[in-house]
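Asker: Got a structure for you, written out below as structure tokens; questions coming shortly.
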């Protein structure tokens, strides 16, 4: 090291400020612990400087330029080292930003989440960003020093893990309590509700560190494409079975539909139209099958032991069923051809 570098290094020790490359960091620790008397300390307008010794905050200085002299700043007298003749302070200096920091990215796996509509367990991911603000710098520094996480990188790594943990727990809880279909959640239909729950849920975890999450941004919950396709198919099956009056009737209707689709392909007619007709025919034949089963049961004599009651017949009016299939069509569960075929069938009953 040359003479000029030595002089330059000594001059730097007479001035303390946040390093230029650390301007965007929430917390910055000055690398030196031995601070000379009368050193000039510069604190930016959006930060605060804390003096820490043995894990305890001995004092703080707000924005401005300060001359570190125990005569003008009384708490510095507790940091003086006697063996230097009172010319050095032994302390750690932390610069903590007090402004809101947006765009802190986070993300990771939530794990398998059970879809209330289909009962399937689907692997789910979450990713996005959030904004964070320090509300009490003293709590933050003492808490981080106690955990051995005094660097900005360590701090953000810990904080992101807290956000991800709360997000995971809250989403799983909301799906159970609110019975939100997972496809609606991944579409963004409940983003605002989830954001509110996550911010409220993380508050008790970070309050003790003098921190707050202001808002979530670009917040997405996603699943794999193949899982989404499976979920859509099962959701569609559940909706169809509801219209058919039960899973058994729906299964029988699907069998009839398969036969009708085979006839459509062999007959050279319009595949879409025939498929719609097949669906309607399948549903109708399934219902006829159930009615025939009930009519063919032998009459019971007065002395015979009563049988278990038969399944309740579908008492919905054609108008009510028309309304239901319209809702399924609007939700994208029924295709246009399927909707038209079923509607035509029900219109005949009016």
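The values are calculated or read from the model by the stated rules, or taken from the named source; none is laboratory data. Keep in mind it's a predicted model, so treat the numbers as computed, not measured. All Cβ positions, even for glycine, are placed from backbone atoms using ideal geometry, and neighbour counts span all protein chains on display.
Asker: I'd like the residue in segment 90-116 that is outside any strand (DSSP E or B) and surrounded by fewer than 17 Cβ atoms within 10 Å (Cβ to Cβ) and, out of all such residues, is modelled with the lowest pLDDT. Can you show your working first?
Answerer: So the first thing to find is which residues in segment 90-116 are outside any strand (DSSP E or B), and the list is 91, 98-100, 115-116.
Those still in the list that are surrounded by fewer than 17 Cβ atoms within 10 Å (Cβ to Cβ) too: 99-100, 116.
Working: 99: 95, 100: 95, 116: 85.
So, considering only residues that are outside any strand (DSSP E or B) and surrounded by fewer than 17 Cβ atoms within 10 Å (Cβ to Cβ), the one modelled with the lowest pLDDT is 116.
Asker: Follow-up question, since we're still on this one. Out of the residues in segment 117-126 that are in contact (Cβ under 8 Å) with a residue 12 or more places away in the chain and assigned to a strand (DSSP E or B), which is nearest to residue 167 (Cα to Cα)? Show your work before the answer.
Answerer: Let us first name the residues in segment 117-126 that are in contact (Cβ under 8 Å) with a residue 12 or more places away in the chain, namely 117-118, 120, 122-126.
Still in the running and assigned to a strand (DSSP E or B): 122-126.
Numbers: 122: 16, 123: 15, 124: 12, 125: 10, 126: 8 Å.
Among those that are in contact (Cβ under 8 Å) with a residue 12 or more places away in the chain and assigned to a strand (DSSP E or B), it is 126.
Asker: Select, from 45, 49, the only residue that is surrounded by fewer than 13 Cβ atoms within 10 Å (Cβ to Cβ) and on the phi < 0 side of the Ramachandran plot.
Answerer: 45
Asker: With respect to the numbered conditions (1) at pLDDT 90 or above; (2) touching a helix residue (DSSP H, G or I) at 6+ places or on another chain (Cβ under 9 Å), which one is the sole condition not fulfilled by residue 73?
Answerer: Here residue 73 meets the rest and fails (2).
Asker: Against the condition closer than 29 Å to residue 99 by Cβ, in contact with a helix residue (DSSP H, G or I) (Cβ under 9 Å, 6 or more places away or on another chain) and part of a strand (DSSP E or B), how does residue 206 come out, does it pass?
Answerer: Criteria not met by residue 206.
Asker: Can you find a residue in segment 127-142 that is over 30 Å from residue 183 (Cα atoms), buried (at least 19 other Cβ atoms within 10 Å of the Cβ), touching a residue at least 24 places away in the same chain (Cβ under 8 Å) and in the same structural domain as residue 17 (by TED's automatic domain parsing)?
Answerer: Scanning segment 127-142 turns up no residue that is over 30 Å from residue 183 (Cα atoms), buried (at least 19 other Cβ atoms within 10 Å of the Cβ), touching a residue at least 24 places away in the same chain (Cβ under 8 Å) and in the same structural domain as residue 17 (by TED's automatic domain parsing).
Asker: Which count do you get for residues in segment 143-182 that are in contact with a strand residue (DSSP E or B) (Cβ under 9 Å, 6 or more places away or on another chain), more than 27 Å from residue 28 (Cα to Cα), in contact (Cβ under 8 Å) with a residue 60 or more places away in the chain and crowded, with 17+ Cβ neighbours inside 10 Å?
Answerer: 3
Asker: What single numbered condition from (1) at pLDDT 90 or above; (2) in a helix (DSSP H, G or I) fails to hold for residue 167?
Answerer: Checking residue 167 against (1) at pLDDT 90 or above; (2) in a helix (DSSP H, G or I), the one that fails is (1).
Rundown of residues vs (1) in the same structural domain as residue 144 (by TED's automatic domain parsing); (2) surrounded by 14 or more Cβ atoms within 10 Å (Cβ to Cβ); (3) closer than 17 Å to residue 150 by Cα, yes/no style:
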{"residue": "31", "(1), (2), (3)": "no, no, yes"}
{"residue": "55", "(1), (2), (3)": "no, no, yes"}
{"residue": "73", "(1), (2), (3)": "no, yes, no"}
{"residue": "76", "(1), (2), (3)": "no, yes, no"}
{"residue": "87", "(1), (2), (3)": "no, no, no"}
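Asker: Separate question: Keeping to segment 191-200, report how many residues are closer than 18 Å to residue 116 by Cα and more than 10 Å from the chain's Cα centre (by Cα).
Answerer: 1
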